[in-house]
Amino acid sequence: ANIQFREENIDGAEYQDATHVFMSSVCFDDSLLRKVAKILGASASFQILVTLRSLPLQPYILPLGKCTLPCTFNGAQSAYVYVPHDLLRAPAATLSHFFAHVGVAFIPPYRQRRGPVATC
């Protein structure tokens, strides 16, 4: 696998083909956060975004939940996790963390696929 760690100005960066994105976004304004969400939401390779600031309302990517990260400036910092609307593209371990409890996994009804079920 080709892994790249990049530190750059996200407003002008090329990250359309990123799969996993972390943003220390505490100082980002709402318009920049929406722009990032729109770019990631349109990307076929996007799988997960973890950001230190929750995104403003936007239709591009799905808020999955909240976790805590160790940070030098605040000890334990809240972080927000976003994935594509198509949950099949999100990392299985991330989905398991948010949707499984003591060995039982569930998908909330509002995220379940609608339509006919294939039978064998």
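The values are calculated or read from the model by the stated rules, or taken from the named source; none is laboratory data. Model, not experiment: these values are computed from the prediction. Positions of Cβ are generated from backbone atoms using ideal geometry, with glycine treated the same way; all protein chains shown enter the neighbour counts. The protein model used for the area step is the full one, side chains on, heavy atoms only, and it has no ligands, DNA or RNA in it. Shrake-Rupley method; radii C 1.70, N 1.55, O 1.52, S 1.80 Å.
Odds and ends about this structure:
- If R0 equals 35 Å, the separation of the Cβ atoms of GLN16 and VAL104 corresponds to a calculated FRET efficiency of about 0.45.
- Taking Cβ atoms as reference points and 14 Å as the exclusive limit, the residues near SER31 contribute a net charge of +1, counting Lys and Arg as +1 and Asp and Glu as -1.
- Projected-area mean, region 11-58, by convex hull of Cα positions, square nanometres: 3.1
- Centroid-to-centroid, using Cα positions, region 1-68 and region 76-96 are 12 Å apart.
- Prolate/oblate/rounded call for region 1-101, Cα gyration tensor, a/c under 1.5 rounded: rounded
- Shape of region 48-96, Cα gyration tensor, a/c cut at 1.5: oblate
- Using the 1.4 Å probe convention, the accessible area of region 4-76 works out to 63 Å² per residue with neighbouring protein chains retained.
- Each residue of region 72-78 was assigned a 3J(HN,Hα) from its phi angle through the Karplus expression (A = 6.51, B = -1.76, C = 1.60, θ = phi - 60°), giving 5, 8, 8, x, 10, 10, 5 Hz with x at Gly and Pro.
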